[in-house]
Structure formats: structure tokens, C-alpha cells
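Accompanying notes for the structure given below.
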Amino acid sequence: MAIILWTVVFAALGVASAKANWKSLNSTLNGALVRAFPVATPCHVPINQDACDIARKNWTNQFWRAQQPGGYFDLNWENGDNLCDINGNASLPCTQGLVPYYVAQVNNVDDVKKAVKFAHDHKISTRVKGASHDFLGRSSGNGTFGISTIKLKGINFVDSYTLAGAPPGASPVSVVHVAAGEHWIYVNRAADAHGVIVVGGASYSVGAAGGWVLGGGHSNLSPQYGLGVDNVVQFEIVTPDGRLRVANRYQEKDLFWALRGGGPGFGVVTKVTYRTHPAIKAITAMLFNATYTNASFTSFLREYLALQPTLSAHNVSGYSYPTANGIVAQLLVHNSANLTALNSTLKPMFDLAQSETSNGRPAKVETLGGVLPSYLSLFNDDPATVNERAAGYAILGSRLAPASAFQGDKVQKLADFMVKSPFTVIMHLVAGNKVSQVAGDATAIHPSWRKAIHHLVLAGGWDNSQPLPTRNLIRSALTSATQEFAKFFPGFGSYVNEGDINEPKWQETFWGSNYPRLKSIKNRYDPRGIFTCFHCVGYED
Ligand SMILES: Cc1cc2nc3c(=O)[nH]c(=O)nc-3n(C[C@H](O)[C@H](O)[C@H](O)COP(=O)(O)OP(=O)(O)OC[C@H]3O[C@@H](n4cnc5c(N)ncnc54)[C@H](O)[C@@H]3O)c2cc1C
């Protein structure tokens, strides 16, 4: 039986990989090498009812998905365009989709070194998968070898930490060490218990020490404390040669620079060390939901867009999106207990809505404002029940935007674009202020992050019933819309973690003038291209 299985594997992985001794790798890893499938596979012939029941129960649970060797937040990058839906036709078998055939579910750093050395020696294209939230499919890939870091757990606070390689007398920092398999919600909870905050993603389940920080890492805390890449002080990483290295401002400096925004492709990060900040005692928060039922919605949106530089200047951060006839927003001011100030910043918009209503036009603005006692209170739900809409098919395109894009006659055109866009425009007020106080070449992210106040995302997708030609039409429409959108922000790039995988000038758009240095570091650390993925650094080689 075992001989048959390994023969099938050899055949499936092609000529180069066939030479590899998978069986011996599995035994070196103490059985941690597993055969991976899209997670609905047991619900299709040949059906495994018990496994199918588990998959059905957890279908949209992003924490469970991350733990599955073949599970991804976005089905796009699990099934590809092959149908393997939990409610699909059970008499049709699932195919492999984009799931790596074999995945090393590593249990410790030693396992990582062995798995990486194996991939390197056999020159096997390898994908690292952490919390599995990628929007660009960089943690999966048909025919690749997978390394899943989700079992690497650990959150440890050190109030006075001296970085590896620091010269005598270097000031210690207050930090938290986060292992590669942790999700942000657990870091936030531990930080709250420790009396500090850590700059992290807005989501409960995004990986806290994986793709988020490697791509840049924005947070509603960023305007006051910087991006993830501004808060990370050290990485531990197994580089493609199988060596564990510690990269920080004192050693492996080029690698440290590249890991702060260069995206995946430099090895397997095992641990990330972030600076911590004193706990926040108050956050002024406002949820508002504005709805219009007439054509003057565009003028309301224009007013909201024109307010963005003022919001940024008042240290407001948050997320908003225009709906078909309104705006939904969550706005926050950290370290503030002043709802009156936030209300007065938003006054021009409220006045406009009020005047429209007085004129008999149907405008409605509902607000829910208050002062929250801690950063953690933004994450009140039980992680076991939180549903961040995993298991859909989402695609994104994006641009960074400076304050000037929201001024003068550009605002009306931007409002018109947003109203007409078939894609939802999600506005992330997560830059400016502290983010702008860092030089464009200090980290590897696109330098325009340092001049932007907003990260604007065009979001689209489809459901499982839509056939391939429709999906392809949506894909190309998103790319076209993103290119049109880009014209509003000349010289500004896109956030690689929430960008369009089909960006035509991806090097320039994701990394700008930082790309040549990134590429040369990539060539130095990964000369065999083991960790290269589509439109990731070094892809053109
Ligand atoms: C619901 C949701 C909310 C989000 N919210 C935010 C947000 O608030 N702020 C923000 O900036 N972004 C946000 N994002 C985008 C997020 O930053 C990216 O999706 C990111 O790539 C996720 O990283 P991951 O480790 O969770 O996912 P994965 O799919 O596991 O990995 C993403 C990429 O990182 C690589 N990678 C992962 N772990 C490692 C490792 N240990 N070593 C080396 N490479 C690794 C993978 O190979 C892949 O290329 C959100 C995404 C989702 C789905």
C-alpha cells in the first residue's frame, strides 16, 4: 500500500520532484509531511462522511481553515477555478486545485530547517502558508511543496529586550516575540493582559507574524504608531539555504530591510519581534451609516471625500465604504475620549445631510458614537464565533492616495468614479502622520506609503455558481478599473497585500524605487528561486 502511495506521489510531482525522497523527509519530520487537499474534498466522491461533517461544520471558520494543510481563507486560492464546494455536486470528485500536493506541517524550527533544506537541495518550488489569508494566492500553488507554519505558537513579552548583535550600551526595547503561527486576536488579548498594545491588523484571524508584516501591515493604530514594518524590530527566519538567521538593525541588515515590505520569498519566518506601546486608555469610536435615496448622494460622498485630509489631520483612522446609496464607516481616534471633537470634525457632512433633509430630500445619517476603554474592546467577539466571511471568492485592486487627491476639483471626479464603480471601494484611513515620518527607502514597502493618507481598495468577486468565462470577465474588469483608478493618484503605488495579482507593472506598482535593491537581496538569499511566486520579488527571472 505504502509503495503504491509513494509511486503516485512521484508521478504527481513531476520529474525534478520525483528524485526527491519524500518518504525519508516524512520520517525526518516525524510524520509531519501530510497529503493536502481542498477542504471540501471528503464531501465529494469518494465520500468520507465523518471528515465531510467536520468540513461542513467549519466551512467558514477561518481559524479552522488555517489549520488545514489545504485550507485557505479565500477559495480562489484553494480551488482555483476547479469546483470543490461544500455544497457542490458530490458525485463529481474534487481536483487538487491550487493546493500543494504535500505539506510539511512543521512543529518546530528544526522541522522548518529540514523542510527548507529538502526543498533547496531538490530545487522544489515551495510555498509558505501561515494563517492562509492571502488575497494574491502566494501561499498556494499547483505542483508546489507547502510548508505550513500554523503550529508554531508562542507570544512572549519582554519588557527590556536587547536585540541580537546590539553593541554594548544599546538601549533595550519593550517587545513581544510572536511565533509564525499566531493570529492577531490572540496577540491582542495577550497584550491587553500584559498592559500594552501591539500595532496589528484589524482582523481577528490574519497572521500576526507572516504575510501581514512581510507586506507592510496596516492597522487603525498606524497613523499614531506606524505600520507593522515600522514596529517590527527583529525577524527569525530560515533562509533558503536551511540556516536560521536573526535579522535586525545590527545584523543581516539587508535581509531585515527586505523583510519589511518585500513580501514573501526570502525564506520561512519563524518568529517576529515587535515593539510594544503603553496601553491605550480611551478610544473615541464612531460608527455611522448614511443612506440616500436620490441622486444627490454623489454630493454627500464628495463631502465625505473632501473631509479625509481633515480627518487625517485630526488623527482619525478607520475604514469606510460607499454603498449603492450611502456610506458606512467606522472611525476611531486612539488615546482620546472626546466624542464632541470627532462630531465637530464630521460636522460639514452632518450639516449637508441635515440641509438635504430640511429641503425634503430623503437623507438619513445614523451614528453610534462612544468612548471605548481599551484597544482590545474593538475585538469583543468570541474568536470561535467570529465570521470574517472566509470561504468566498474575492479579488482586489488598490492604490495609495495622498491628501491632495481629496482636494479641489479632483474630489468630484473621484466621487463620480466611486459611485459608478462596479467594484466596492473600501477606504482605509491607515496612513499619514506617523507613517509619513519615515523615509521612503527606510523599509522595502512602496515609498508612496510615506506620502499617502489613504489606502483605497477596489473589491470584487463571484460565487461558486459563476462559470469560468464570467470569472475571467470579472478579473479583467477589476484590472481595468484599477488602472483607471490609478490615474487619480499619479506616482502612487499599491499595497502589495491588498493589490491586484494581475497588475501590469507589478514591480513598479508594489515596490517602486525599492524594487532593484529588493531583487538583488532576493538573488543573494534565494539564488535557486525556491520561494519565488507569481508577481513576487524575482518572479521575472
Ligand atoms: C479578513 C482579512 C482582513 C485583513 N485585514 C488586514 C489589515 O487590517 N491590515 C493589513 O495590512 N492587511 C490585512 N489583510 C491582508 C493581509 O495582510 C494579507 O492577506 C496577508 O498576506 C495575510 O497573511 P497571512 O500570513 O495571514 O496569510 P498566508 O496566506 O498564510 O500568507 C500570506 C503570504 O505571506 C507568506 N507567509 C506567511 N507566513 C510566512 C512565514 N512564516 N514566513 C515566510 N512567508 C510567510 C505566504 O507565503 C504568502 O505569500 C486582511 C486580509 C483578510 C483576509
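The values are calculated or read from the model by the stated rules, or taken from the named source; none is laboratory data. These numbers come from a predicted model, not from an experiment. Quick reminder, even Gly has a Cβ in these numbers, built from the backbone with ideal geometry, and neighbours come from all protein chains shown. Only protein heavy atoms, including side chains, enter the accessible area calculation; ligands, DNA and RNA are left aside. Shrake-Rupley method; radii C 1.70, N 1.55, O 1.52, S 1.80 Å.
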- Give me the percent of Cα-Cα pairs in the stretch 155-279 that sit more than 26 Å apart, rounded to a whole number. 14 percent
- Task: Over the stretch 141-290, with every protein chain in place, what whole percent of the accessible area is carbon and sulfur at 1.4 Å, could you tell me?
- Result: 50 percent
- Lys/Arg Cβ at +1, Asp/Glu Cβ at -1, dipole of the stretch 6-148 taken about the Cα centre: which of His120, Val45, Leu92 is farthest positive-ward? His120
- Task: Using the structure shown, select from Lys451/Lys487; Lys117/Lys505; Lys413/Lys505; Lys113/Lys505; Lys253/Lys519 the pairs with a Cα to Cα distance greater than 27 angstrom.
- Result: Lys117/Lys505; Lys113/Lys505
- Task: For Lys347, go through the lysines and keep the ones whose alpha-carbon is under 20 Å away, minus same-chain ones fewer than eight residues off.
- Result: Lys364
- Note on the structure: Residue-normalised value, i.e. accessible area per residue, for the stretch 283-511 at 1.4 Å probe, in Å², stands at 41 Å²
- Query: Given a 1.4 Å probe and the protein chains all in place, what does the accessible area of Val196 round to, in Å² to the nearest 10?
  - Reply: 20 Å²
- Volume per residue that the Cα convex hull of the stretch 6-148 spans, once the total is divided by residue count, Å³: 109 Å³
- Nearest 20 debye, what's the magnitude of the dipole of the chain about its Cα centre given +1 on Lys and Arg Cβ and -1 on Asp and Glu Cβ? 920 debye
- Over the stretch 6-148, what is the mean sequence separation of C-alpha contacts under 8 Å (at least six apart), divided by residue count, expressed as relative contact order in percent? 28 percent
- Could you please state, rounded to a whole Å, how far the C-alpha centre of the stretch 45-91 is from the C-alpha centre of the stretch 392-438? 34 Å
- Query: Using the alpha-carbon atoms, what tilt in degrees (0 to 90, nearest 10) does helix 468-486 show relative to the longest principal axis of the chain?
  - Reply: 50 degrees
- Message: Once each part is reduced to its C-alpha centroid, what is the distance from the stretch 317-363 to the stretch 444-514 in angstrom?
- Response: 28 Å
- Query: Counting other Cβ atoms within 10 Å of each Cβ, which trypsin sites (Lys or Arg not before Pro) in the stretch 456-541 have at most 12 and sit in a DSSP loop?
  - Reply: Lys487, Lys505
- Query: If you average 1/r over all unlike Cα pairs in the stretch 434-541 and invert the result, what Kirkwood radius do you get in angstrom?
  - Reply: 15.5 Å
- In what order, largest first, do Thr479, Thr239, Thr60 sit by accessible area if the probe radius is 1.4 Å? Thr60, Thr479, Thr239
- Arg243, Arg189, Arg389, ranked by accessible area, largest first (probe 1.4 Å): Arg389, Arg243, Arg189
- Note on the structure: The extension gain from Asn21 to Ala313, computed as 0.36 nm times the residue separation minus the Cα-Cα distance, is 99.3 nm
- Charge context of Gly538, other residues only, Cβ under 12 angstrom, K/R +1, D/E -1: +1
- Task: Could you work out how far the C-alpha centroid of the stretch 196-247 sits from that of the stretch 104-150, in angstrom?
- Result: 18 Å
- About its Cα centre, what dipole magnitude does the stretch 13-142 give when the only charges are +1 on Lys and Arg Cβ and -1 on Asp and Glu Cβ, stated in debye to the nearest 20? 460 debye
- Item | Stokes-Einstein D in µm²/s, Kirkwood radius over Cα pairs - the stretch 251-335 at 4 °C with 1.567 mPa s viscosity | 78 µm²/s
- Item | In the stretch 487-541, GluC sites (Glu not before Pro) in a DSSP loop with at most 11 other beta-carbon atoms within 10 Å | Glu540
- Message: Given points 7 Å out from each Cα along the Cα-Cβ axis, report the Asn30 to Lys420 separation in nanometres with one decimal.
- Response: 6.2 nm
